[in-house]
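What follows is a set of notes on a single structure, which appears directly below.
Laboratory data are not the source of any read-out in this text; all were calculated from the coordinates shown. Predicted model only: the values in this text are computed from it and were never measured. Note: ideal-geometry Cβ built from the backbone for every residue, glycine included; neighbour counts use all protein chains shown.
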Amino acid sequence: MATGLKKEEIARHNKLYKQANDLIRNDIMVDGQPLSAKPNLFARIRLRKAIGLYDEVLKMNPQNWATYFMKAKALHRLGESKLAFELMLKAHHGNPTISGFAREAGIIALQLGHFSEGVNLTEDAIKNRPEDGSLYSNLGLGQLLCGNASKAIDALYRANELEPNHPFTLRLLAVAQAIKAGKIPYPHSDKDVFKAARRIDVGGHR
């Protein structure tokens with residue numbers, strides 16, 4: 001909610017925010033639903049227009065942390081990961097009680113190679129949503145990238161307890177166990193992990 005604004009300013013603030021969200025509703029990833037590799041021309045136009053609207057909202061209300069978050073989502077979709085990460089962090093620090101801010105910041109941190117920071121942010125998200133299995137799966141990924149196979153396995157076991165038999169969690173767990181056993185090397189990026197997860201046999205054999 002915008003504060004310190006007149007009634008008509010609040011109405012405009014809320015209208016701009018809704019317009020921006022409506023523009024990109026189908027162009028950003030929500031709750032892990034996959035999207036095409038790159039947005040097409042029309043999607044890019046919508047994303048850029050939404051970013052302009054978010055900027056107008058932030059001029060009116062610089063403490064609208066949800067707007068920083070949504071702007072970051074749009075920028076990330078456009079491939080501007082570093083700026084998106086900065087805005088995600090700003091949203092998280094502005095309101096650390098919202099697990100989604102920390103979750104998304106953690107994901108981008110891992111993509112950028114900030115592995116320890118990604119783990120810390122994911123742990124922040126877990127503090128607010130301790131029963132979210134997907135967060136423990138993210139934590140397991142982060143721990144693998146930090147070189148901690150045992151901690152990754154613990155996190156992935158917890159993820160499987162909360163969301164039993166999730167296919168990707170089971171694959172990540174198999175990768176972590178293979179790494180701990182010395183069967184495959186530690187990954188250097190999230191792409192390395194995903195590649196190993198696609199190739200691994202869930203029964204523990206490649």
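For the stretch 102-206, state which GluC sites (Glu not before Pro) are in a DSSP loop and have at most 12 other beta carbons lying within 10 Å of their beta carbon. Present the calculation step by step, with values, prior to reporting the outcome.
Numbers: sites: Glu104, Glu117, Glu123, Glu131, Glu161; in loops: Glu131.
Taking the stretch 102-206 and a limit of 12 other Cβ atoms within 10 Å, the loop GluC sites (Glu not before Pro) found are Glu131.
Most exposed first by the Cβ proxy, i.e. fewest other Cβ within 10 Å, how do Lys71, Lys183 rank?
On the way: Lys71 28, Lys183 13.
Fewest-to-most ranking of Lys71, Lys183: Lys183, Lys71.
Give a residue-ordered list of calculated ³J(HN,Hα) values for the stretch 116-127 (Karplus: 6.51 cos²θ - 1.76 cosθ + 1.60, θ = phi - 60°; whole Hz; x for Gly, Pro).
5, 5, x, 5, 4, 5, 5, 5, 4, 5, 5, 4
Taking R0 as 30 Å, what's the FRET efficiency between Lys15 and Lys127 from their Cβ-Cβ distance, rounded to 0.05? The partial results should precede the final answer.
Numbers: r = 34 Å, r/R0 = 1.14.
The computed FRET efficiency comes out at 0.30.
In what order do His92, His114, His188, His13 fall by count of nearby beta-carbon atoms within 10 Å, going from fewest to most? Walk me through the numbers before you get to the answer.
Values: His92 25, His114 18, His188 11, His13 21.
Result, fewest neighbours first: His188, His114, His13, His92.
Quick one: Karplus J couplings for the stretch 167-177, per residue in order, coefficients 6.51, -1.76, 1.60, θ = phi - 60°, nearest Hz, x for Gly and Pro?
x, 6, 4, 5, 5, 4, 4, 4, 5, 4, 5
Any chance you could run the full-extension gain for Lys38 through Arg198? It's 0.36 nm times the residue separation minus the Cα-Cα distance, nm to one decimal.
Working: separation 160, 0.36 × 160 = 57.60 nm, distance 2.15 nm.
Result for the pair: 55.5 nm of gain on full extension.
Run the numbers on the stretch 129-206 and let me know its relative contact order in percent, using alpha-carbon pairs under 8 Å that are six or more apart. Display every interim value, and only then the final one.
On the way: 98 pairs, mean separation 23.2, N = 78.
Contact order relative to length: 30 percent.
Give me Thr122, Thr97 ranked fewest to most by other Cβ atoms within 10 Å of their Cβ, as a rough exposure proxy. Let's see the in-between values first.
Numbers: Thr122 27, Thr97 10.
Listing Thr122, Thr97 from fewest to most nearby Cβ atoms yields Thr97, Thr122.
Over the chain, what relative contact order in percent results from Cα pairs under 8 Å that are six or more residues apart?
12 percent
Using helices alone, I'd like the mean residue ellipticity at 222 nm for the chain: each DSSP H run of four-plus residues gives -39500 (n - 2.57), total over residue count, nearest 500.
Details: 10 runs with 144 residues, N = 206.
The helix-only estimate for the chain comes to -22500 deg cm²/dmol at 222 nm.
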